[in-house]
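K.L.:
Attaching a single structure in structure tokens format; questions to follow.
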Amino acid sequence: MRTRVFLVPAAAVVAGLVLTAGGCSRESAWPARPGPKVVVSFAPLYCFAANVAGDDAVVKNLMTTAGPHEFNPTDVEARLVGEADLFFVNGLELDTALASSLKKGSGNGRLKVVELGKLIPEDKLIEGACHHDHDHDGPHEHGHDPHVWLSPDLAEVMVNGIRDELKAADPAHAAGYDRRAAEYVARLRGLKAEGAKQLTGKEDKRLVTFHESLGYFAKAFDLKVSGVVQKKPGVEPNAAELAELVNLCRKKNIRLIAVEPQYTANTSAKTVLGELTRAGVKDAQLVEVDPLETVHPSGLTPDWYERKMRANLEALAGAMK
Ligand SMILES: [Zn+2]
């Protein structure tokens, strides 16, 4: 993650904006409704929280077209956070720095930041790759792969964590939070069972992912991630890295390369595909798998996570043999 790059500027920007806005009277960024005010960092968490909240709490999402690997907050987000009661983030270093800089900048001392990824048992976490901007001299902590939301099993843990926080913040509506969380968890289990069924009988479940986002997804659906196009999110591979990837796919006869809808050009993925086809890998193809990190603001509804996960599973089931 790029925390080292943006932590200081983001905090400074937010602090400056709040100072400026503080001088004049302004309307609340929140609807005048009773119940806990909940912000979430990005789209999957919006779906988890909105389904548990129902009409008993208000949920607002911060990141839309800029996902957690590249997001920089503006005054809109700072104002939302400034009046919120709860702030759900993924944690695991993905949006942790953003959450603390937004909280600090907003001056909202009573805001509770909840890192949902921390609720996931250690033995379920995958060791992370190194995305830090630093030289590799001396030992350092790599941490964990943060893309936990892409596993329906781990999403369930996050949903239950949201339920518990909402019950604690708003005990009068505990029964409603319990009921809706249970209903949503049942839907997540249905989604997983459906996906597993679609992939039944596929003999070759190997793929190359676009950035290192599908580890937990692969684990949940018994797929095999054999390589990655962008070793660092948002950074195109160099010629040597591309050659290495092509070589690996050719030797092992890996035919599927996952691409993300956000990167429409897909130059590097197309290069790999071209090389594989030339090298005689039969039926090599690109398959669109959305890591659910970004969303067009108008497309974000509480069922977005389920729709997107289904689309991913359908695309993979259609491409795998
Ligand atoms: Zn990612």
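The values are calculated or read from the model by the stated rules, or taken from the named source; none is laboratory data. All values reported here derive from a predicted model rather than from experimental measurement. Cβ placement follows ideal geometry from the backbone for every residue including glycine, while neighbour counts extend to all protein chains displayed.
K.L.:
Just one of the numbered conditions (1) within 16 Å of the ligand (Cβ to nearest atom); (2) part of a loop (DSSP other than H, G, I, E, B) is not true of Ile254; which one?
P.N.:
(1)
K.L.:
Please specify each residue of the range 78-102 satisfying the condition of being part of a helix (DSSP H, G or I) and either touching a strand residue (DSSP E or B) at 6+ places or on another chain (Cβ under 8 Å) or within 16 Å of the ligand (Cβ to nearest atom) (or both). Let's see the steps before the verdict.
P.N.:
Narrowing the range 78-102 to residues part of a helix (DSSP H, G or I): 78-83, 96-102.
Matches in the range 78-102: Leu80, Val81, Glu83, Thr96, Ala97, Leu98, Ala99, Ser100, Leu102.
K.L.:
Something else: Can you confirm whether the range 274-288 contains a residue that is among the acidic types (Asp, Glu) and surrounded by 19 or more Cβ atoms within 10 Å (Cβ to Cβ)?
P.N.:
No.
K.L.:
Scanning for something surrounded by fewer than 17 Cβ atoms within 10 Å (Cβ to Cβ), modelled with pLDDT of 95 or more and of a type in the set (Asp, Glu), does the range 15-29 turn up at least one residue?
P.N.:
no
K.L.:
Looking at Pro302, is it within 16 Å of the ligand (Cβ to nearest atom), in a loop (DSSP other than H, G, I, E, B) and within 18 Å of the chain's Cα centre (by Cα)?
P.N.:
Working: within 16 Å of the ligand (Cβ to nearest atom): no; in a loop (DSSP other than H, G, I, E, B): yes; within 18 Å of the chain's Cα centre (by Cα): yes.
Judged against the criteria, Pro302 is not a match.
K.L.:
Filter the range 123-132 down to residues that are out of contact with any strand residue (DSSP E or B) (no Cβ under 7 Å at 6 or more places or on another chain) and modelled with pLDDT of 95 or more and give me whichever is farthest from the ligand (Cβ to nearest atom).
P.N.:
Initial filter on the range 123-132 (out of contact with any strand residue (DSSP E or B) (no Cβ under 7 Å at 6 or more places or on another chain)): 123-124, 129-130, 132.
Remaining after also requiring modelled with pLDDT of 95 or more: 123-124.
Details: Asp123: 22, Lys124: 18 Å.
Per the criteria, the residue is Asp123.
Yes/no matrix, rows are residues, columns are (1) surrounded by fewer than 22 Cβ atoms within 10 Å (Cβ to Cβ); (2) on the phi > 0 side of the Ramachandran plot:
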site: His211; (1), (2): no, no
site: Lys224; (1), (2): yes, no
site: Gly234; (1), (2): yes, yes
site: Leu248; (1), (2): yes, no
site: Asn253; (1), (2): yes, yes
site: Thr267; (1), (2): yes, no
site: Val272; (1), (2): no, no
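K.L.:
Test of understanding: among Pro291, Pro261, which residue is within 14 Å of the ligand (Cβ to nearest atom), more than 17 Å from Ser151 (Cα to Cα) and either outside any helix (DSSP H, G or I) or modelled with pLDDT under 95 (or both)?
P.N.:
Pro261
K.L.:
Still on this structure, please answer the following. Inside the range 260-299, can you point out the residues that are among the β-branched types (Val, Ile, Thr) and either more than 17 Å from His211 (Cβ to Cβ) or under 22 Å from the mean Cα position of the chain (by Cα) (or both)?
P.N.:
Narrowing the range 260-299 to residues among the β-branched types (Val, Ile, Thr): 264, 267, 271-272, 277, 281, 287, 289, 294-295.
Hits for the range 260-299 are Thr264, Thr277, Val281, Val287, Val289, Thr294, Val295.
K.L.:
Here's something else I'd like to know. Quickly run through the range 49-68 and pick out the residues that are within 16 Å of the ligand (Cβ to nearest atom) and either surrounded by fewer than 21 Cβ atoms within 10 Å (Cβ to Cβ) or assigned by TED's automatic domain parsing to the domain that holds Pro233 (or both).
P.N.:
Result: Thr64, Thr65, Ala66.
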